[in-house]
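The structure under discussion appears below in the form of C-alpha cells.
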C-alpha cells in the first residue's frame, strides 16, 4: 500500500515552478506544491492529523481511529490534484473524505453511539449544550443522546457532527459534503428537530416511553 510522504524536517523555504512555499504556507499552497514535490504533503498530514484522528475516534472508536485516519490521508494524497481550495484551508476537504470513509463503518458507529451509556462521556452532551445539562445529569444524558444520534438519518447525523464535533462552519460543511449551503441548513434544522423530538422534555420519546438501547449485529 502506498504511504503518505513524510514532511522534511527543518525545511528551508524553497523556490519551485509553482512559486515560493514559505515557512508557514497555507494548505492550498502546500497541496499545489506537493504535485511536483510529493514529500511536502507530509506538512498537511502533520498539520491536521490530530484533529481528524480525534473526530474519527469519537465517531467510530479508538480501535479503528488510527487505521481510518491513515485511510483519509492516503485518499487525500492520491486525490490532491482535485483539491479545490476553500479559504486556502484543507480542513473541510479532509473532513469530507473522513465522512466518506466512515460510511463503510456505519454499523460500528451506530453500535458505539448506542453504547455511550455504559461509560458516560461528557463530550456527547456537547451536542445539545447547556439546555440538555439543565434537564438531565451527565450520566443519564449520555445513553439518551447516543441513542438519539444513532436514530438520525446518516446524512443529518454527519452534518450535525461536523458542526458539533469537528467545529466546522456551515460553509465548511457544504464544502466537506459537496452540497449547497441551503441543504446544510435544512439538514441541520431537521437533525436538531428530530434530536429534540427523540429526547423529549424528560429524555423520553414523544409517546413517553424511555429511550432503550437497541443492539445491532454484524450480519
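A short reminder: the numbers here are calculations on the coordinates, not readings from a lab. Nothing here was measured: the structure is a model prediction, and the numbers come from that model. Glycine also receives a Cβ, built like all others from the backbone with ideal geometry; neighbour counts cover every protein chain displayed.
Need the full-extension length gain, residue 189 to residue 51, defined as separation in residues times 0.36 nm minus the C-alpha distance. One decimal, nm. Working shown, then result.
Numbers: separation 138, 0.36 × 138 = 49.68 nm, distance 2.55 nm.
Here the segment from residue 189 to residue 51 would lengthen by 47.1 nm.
Given R₀ = 25 Å, what would the calculated FRET efficiency be for residue 63 paired with residue 179, taking r from the Cβ atoms and rounding to 0.05?
On the way: r = 30 Å, r/R0 = 1.21.
Plugging the Cβ-Cβ distance into 1/(1 + (r/R0)^6) gives 0.25.
Kindly list the residues of segment 153-169 that lie in the label zone of residue 28, defined by a backbone N under 18 Å from the point 7 Å along the Cα-to-C-beta vector.
169
What's the exposure ranking of 47, 82, going from fewest to most Cβ atoms within 10 Å?
With the fewest neighbours first, 47, 82 line up as 82, 47.
Can you order the peptides 73-80, 156-163 by their average number of other Cβ atoms within 10 Å per residue, highest first?
Numbers: 73-80: 17.1, 156-163: 23.4.
Descending mean neighbour count gives 156-163, 73-80.
For residue 84 and residue 171 in the same chain, what is the full-extension length gain: residue separation times 0.36 nm, less their Cα-Cα distance, in nm?
Working: separation 87, 0.36 × 87 = 31.32 nm, distance 1.39 nm.
Length gained, residue 84 through residue 171: 29.9 nm.
Working only with C-alpha atoms, what are the Rg and Dmax values of segment 25-104, expressed in angstrom?
12.1, 36
Packing-wise, with mean Cβ within 10 Å as the measure, how do 88-99, 172-183 rank, highest first?
With the highest mean Cβ count within 10 Å placed first, the list reads 88-99, 172-183.
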